[in-house]
C-alpha cells in the first residue's frame, strides 16, 4: 500500500451520488473478477455480504442502530476491499469505467437564431 502516488485516482470521479454508487459497484464487480487481485482480499466483500445476510444481529438490542451497523459494515468492507486491491489494477478499471460514459463530454458549438421569415 506504500506505492500509491499523490496523483493516483483511487476514488471515482465526482458526478452525482447515484453515478458514483453505480461506478463503485461496477468497480467492485470488476475487481472481484480480476485475477490480479488476491483471493484473500476478495473474501472481504463476501464476508460483508455474509454479515448482512446473517440472521443474528450484533446490536439488535438498540432500536434503529441495527440498520446503521449494517450500513457501516458494508460500507467499510467495500472501502477496505478497494483500498487493499493493487492501486494499478484499481486505476486501470476506474479509467475504463470513467471513459465508458460520454456524459461528461463537452461539445464546442455556436448558436444562432434562424427566423422563419426569409
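No lab work stands behind these numbers, since they all come straight from the coordinates. Computed from a prediction, not measured in an experiment: that's the story for all the values here. Glycine also receives a Cβ, built like all others from the backbone with ideal geometry; neighbour counts cover every protein chain displayed.
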Computed Rg/Rh of region 17-99, alpha carbon atoms with Kirkwood Rh: 1.04
Sorted by Cβ density within 10 Å, fewest first, the residues 61, 32: 61, 32
Förster radius 41 Å - calculated FRET efficiency between residue 34 and residue 54 (Cβ-Cβ, nearest 0.05): 0.90
Likely footprinting exposure, 70, 113, fewest C-beta neighbours within 10 Å first: 113, 70
Relative contact order, percent, region 17-99 [alpha-carbon distance under 8 Å, six or more residues apart]: 46 percent
